[in-house]
Every structure is written in structure tokens, then in C-alpha cells.
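Undergrad: Provided herewith is a single structure, encoded as C-alpha cells, for subsequent inquiry.
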Amino acid sequence: MIEMENVQQESKKVIFSAIQPSGTLTLGNYLGALKNWAALQDEFNCIYSVADLHAITVRQEPAKFRKQIIETFALLLAIGIDPQKSLVFIQSQVSQHAELAWILNCNTQFGELSRMTQFKDKSARHADNVNVGLFAYPSLMAADILLYQADLVPVGADQKQHLELSRDIAIRMNNVYGNCFTVPEPYIPKIGARVMSLQDPSKKMSKSDDNINAYVAILDKPEDIMRKFKRAVTDSEACVKYGEGKDGINNLMGIYSAVTGKSYDDIQAEFEGKGYGDFKTAVGEAVVEQLRPIRERFDNLMKDKAYLETIYHDGAAKASYIAGKTLNKIQRKVGFLKR
Ligand code: ATP
Ligand code: LTN
């Protein structure tokens with residue numbers, strides 16, 4: 001058990017990241033983000049959150065949403081996030097996030113939020129529900145990061161604009177009120193892969209794809225994973241080699257490399273003279289073996305709700321202690337009375 005004071009005093013750099021519990025997490029989420037989260041735990045003071053406040057910016061069905069939140073939390077533990085090493089919690093259980101977000105909203109310009117490409121995309125896709133939360137999403141994300149005085153934030157390309165805005169807000173608050181926040185930097189991990197759709201390798205693998213054969217879910221059964229890889233779109237060359245115009249094979253090589261640690265040259269040598277059938281089977285099997293222990297741990301965790309509850313309550317208490325310190329400081333700086 002990490003002591004509260006130790007959480008604060010560690011000299012390691014602070015990493016903060018979060019993931020929305022908005023559906024089935026995919027192999028793309030795993031290889032592109034979550035696998036790195038687990039790998040960073042020894043070198044950094046890591047803080048990870050299930051961003052359920054962010055998820056309600058699009059309509060969620062309450063019973064299903066509750067299940068997704070707990071499943072996403074269990075999945076973080078199943079992929080190897082260790083609550084003894086890292087702080088892991090559910091965002092809505094730490095009220096300071098919403099409180100700081102309000103103060104940040106009052107220090108963020110309408111024009112800045114209007115320029116966010118994710119807002120433009122999502123408001124076009126959910127035209128019947130362009131709510132204020134969807135608009136203010138980036139200032140809540142800034143609150144997440146700034147509450148923990150994070151030094152580094154691992155994010156994919158899609159979140160870089162939001163992180164830029166978090167930095168702008170931090171710098172602005174530091175200038176107006178003096179020494180409020182650490183200005184966070186993006187963290188580009190050493191390992192990491194951009195996983196493309198198995199059906200259309202020109203676009204990224206996404207859990208919101210209508211075609212379930214386009215993505216592999218982290219919790220997919222082995223037979224489903226094998227089927228999806230066997231059906232993966234390739235080309236007519238029948239040569240396992242990285243190259244232009246070979247998006248499908250490039251993607252499968254990227255996945256195989258990320259999962260096995262083999263270089264592209266090794267992979268090419270391994271499949272010299274073999275057909276795509278053999279290669280797809282090998283990629284499928286490697287993915288199955290990588291995901292198998294995760295699914296087993298996940299199943300065990302989901303059977304032990306009491307354990308999960310202890311971990312997220314404990315995480316929320318520790319997060320709230322750290323976040324509370326920052327929030328109190330900012331409330332004083334803004335001029336609010338001491339509670
Ligand atoms: P959606 O399909 O609804 O757009 P998503 O699958 O892209 O969602 P996010 O919740 O936006 O998932 O992303 C969570 C994290 O996973 C981000 O850091 C993102 O960069 C990463 N990620 C998502 N998809 C991929 C992918 N195909 N390859 C690599 N990283 C990915
Ligand atoms: N918006 C992010 C999830 C997220 C996040 C954060 C990421 C919420 N708060 C703070 C990094 C830091 C997403 O949808 N991927």
C-alpha cells in the first residue's frame with residue numbers, strides 16, 4: 001500500500017493519462033496506449049483514470065454505462081496496471097475534477113474551444129446533442145491533468161490539440177495568479193503502434209466501426225480473433241514485405257512486431273516463400289497468446305466485485321488527497337474564502 005505522503009513526495013516525474021469507458025477497448029487501444037501505460041509504471045509516478053465524466057458528453061444508457069465503467073477499470077488492472085505502483089481511479093469519484101473544471105472554464109475562451117477539431121467532428125456526428133459538456137470537454141481534460149501537477153501526458157495524435165490547450169490554460173493561470181500548475185508536456189512513448197482497421201487498412205482500427213471484423217477487441221475470444229485475422233484485407237502480391245501500397249500487410253507486420261518484439265527484417269525472413277495464409281495465422285496466434293492472460297485476469301477480477309470496489313475506493317481517496325491540495329491552492333489564488 002502506498003502511503004499518501006509518499007505519493008506526493010516521490011521524485012519521479014508524474015505521468016497522467018485517462019481513457020473513456022465508452023465501449024469495447026480494441027487491440028488498437030492496447031498496442032497504441034494501454035500497453036505503454038503498464039510499461040511506464042517503474043520509471044514514473046503514474047496516475048491513470050477511467051474518464052467517465054468525459055464519456056457523458058455523448059448520451060449513455062445508465063445500466064450499460066455503469067457496466068462499462070467497472071469493466072474498463074477491471075481491464076486497466078488486467079493489462080497490468082498495479083495499484084501498488086500506480087494510482088488508478090474513476091474520475092467521477094474525485095469531485096475535484098468537476099470543481100477545477102469550472103474554474104478553468106472561466107479561464108478558457110469560447111474561441112479556443114470552438115477551434116477544437118474533435119468538437120467539430122463530434123458535434124457533426126451527434127447533431128441532436130451538441131451539449132455544453134461536449135464543448136467544454138477539453139477544459140475538463142485540462143483539470144484532470146493539472147490537478148496532479150503532471151509533467152508528462154501520454155496521448156495519441158487525436159488528443160494533441162487538447163493537450164496544447166491544457167498547456168495554454170496552465171500558462172495563462174500561472175501568469176494571472178502566479179505559480180498554479182506544472183505545464184504538462186506530451187509524452188511520445190518509445191514503443192507504440194498505430195493499428196489500422198483489418199477491413200480497410202487506410203483508416204485506424206476503431207471500436208466504433210460498424211463492421212466488427214474491422215477490429216479486434218482486447219476481450220475477444222480466441223476463435224473470433226483468429227477469424228478476424230484470417231479475413232483481414234491484404235493484397236494480391238503474396239509476399240510478406242513492408243512497402244508502399246501494401247497497407248494491409250504493413251498493418252499486420254506492425255501488429256506482429258508490436259506483439260512479438262520481432263523486427264520487420266526478422267518477420268520478412270520468417271515468412272520468406274510462405275503465403276499470406278501462414279502469416280495471418282501466425283499473427284492471429286501471437287495476438288491470441290498476448291491477450292489470453294489479460295482476458296483470464298479480467299474474468300477473475302469481474303468475479304470479485306468486492307476486491308474491485310476496494311481498489312477503486314482506495315484509488316479515489318488517494319487521488320482526492322492530491323487533487324484536493326491543488327484545488328485548495330487554486331481556490332485561494334482565485335480569491336474564494338477558506339472553507
Ligand atoms: P473511437 O473509436 O470511439 O474514436 P478510439 O478507439 O479511437 O475511440 P479513444 O478512446 O479515442 O479510442 O482512444 C483511447 C486511446 O487509444 C488514445 O490514446 C488513442 O490514441 C489510442 N488509440 C485508439 N485507437 C488506436 C489505434 N487504432 N491505434 C493506436 N492507438 C489507438
Ligand atoms: N480525451 C481522452 C481521455 C482523457 C485524457 C484525459 C487523456 C480524458 N482526460 C487526460 C489524457 C489526459 C481520450 O478520449 N482519449
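The values are calculated or read from the model by the stated rules, or taken from the named source; none is laboratory data. All of these numbers come straight from a predicted model, not from anything done at the bench. All Cβ positions, even for glycine, are placed from backbone atoms using ideal geometry, and neighbour counts span all protein chains on display. Just the protein is used for accessible areas: all its heavy atoms, side chains included, with ligands, DNA and RNA removed. Shrake-Rupley method; radii C 1.70, N 1.55, O 1.52, S 1.80 Å.
Undergrad: Can you list which of the trypsin sites (Lys or Arg not before Pro) found in region 11-96 are DSSP loop residues with at most 13 other C-beta atoms within 10 Å?
TA: In loop regions of region 11-96 (DSSP not H, G, I, E or B), the sparsely surrounded trypsin sites (Lys or Arg not before Pro) are K12, R59.
Undergrad: Pop out the carbon and sulfur fraction of the accessible area of the chain as a percent, whole number, probe 1.4 Å.
TA: Carbon-and-sulfur percentage of accessible area, whole number: 50.
Undergrad: Under the √(5λ) rule applied to the eigenvalues of the Cα gyration tensor, what semi-axes describe the equivalent ellipsoid of region 64-105? Give them in Å, descending.
TA: Three semi-axes, in Å: 24, 15, 7.
Undergrad: Continuing with this model, one more query. Taking 20 °C and 1.002 mPa s as the conditions, I'd like the Stokes-Einstein D for region 150-276 in µm²/s, using the Kirkwood hydrodynamic radius from alpha carbon pairs. The partial results should precede the final answer.
TA: Details: Rh = 17.4 Å.
After rounding, the answer is 123 µm²/s.
Undergrad: Let me ask something else. Amide H to amide H, which residues 5 or more places from K204 or on other chains are under 5 Å from it, using H placed in the peptide plane?
TA: S197
Undergrad: Please give the contour-minus-distance gain from N129 to N179: 0.36 nm per residue of separation, less the Cα-Cα distance, rounded to one decimal in nm.
TA: Gain in length upon complete extension: 14.3 nm.
Undergrad: Could I have the simple spin-label model distance between D304 and C106, label points 7 Å from Cα toward Cβ, reported in nm to one decimal?
TA: 4.5 nm
Undergrad: Would you please give the FRET efficiency between Y321 and Y242, computed as 1/(1 + (r/R0)^6) with r the Cβ-Cβ distance and R0 = 41 Å, to the nearest 0.05?
TA: Numbers: r = 49 Å, r/R0 = 1.18.
That gives a FRET efficiency of 0.25.
Undergrad: If I take the Cα coordinates of region 227-339 and project them onto the principal axes, what are the three extents in Å, biggest first?
TA: Projected onto its principal axes, the Cα set of region 227-339 covers 73, 38, 23 Å.
Undergrad: Rounded to the nearest whole Å², what accessible area per residue is found for the chain with the 1.4 Å probe?
TA: I get 48 Å² per residue for the chain.
Undergrad: Out of all DSSP beta bridges in the chain, what portion is antiparallel? Express it as a percent rounded to 5.
TA: Approximately 10 percent, going by the DSSP bridge assignments.
Undergrad: I've got another one for you. With runs of 4+ DSSP H residues as the only contributors, calculate the mean residue ellipticity of the chain at 222 nm using -39,500 (n - 2.57) per run, divided by the residue total and rounded to the nearest 500.
TA: Roughly -16500 deg cm²/dmol at 222 nm, from the helical runs in the chain.
Undergrad: Within the set K85/K303; K12/K228; K35/K318; K160/K262; K221/K262; K221/K246, which residue pairs have Cα atoms separated by over 31 Å? If you can, show how the numbers build up before the last one.
TA: Working: K85/K303 23 Å; K12/K228 41 Å; K35/K318 24 Å; K160/K262 29 Å; K221/K262 24 Å; K221/K246 28 Å.
Exceeds cut-off: K12/K228.
Undergrad: Something else: Test of understanding: given the chain, find the longest segment containing no chymotrypsin sites (Phe, Trp or Tyr not before Pro) that are in a DSSP loop and have at most 14 other Cβ atoms within 10 Å.
TA: 1-241
Undergrad: Are there trypsin sites (Lys or Arg not before Pro) in region 175-215 that DSSP marks as loop and that have at most 12 other Cβ atoms within 10 Å, and which are they?
TA: K190, K203
Undergrad: Let me ask another. Kirkwood hydrodynamic radius, computed over distinct alpha-carbon pairs, for the chain: how many Å, to one decimal?
TA: Values: mean 1/r = 0.0468 Å⁻¹.
Answer for the chain: a Kirkwood hydrodynamic radius of 21.4 Å.
Undergrad: Want the number for D266 to E285: 0.36 nm per residue separation, take away the alpha-carbon distance, what's left?
TA: My answer for the length gained is 5.1 nm.
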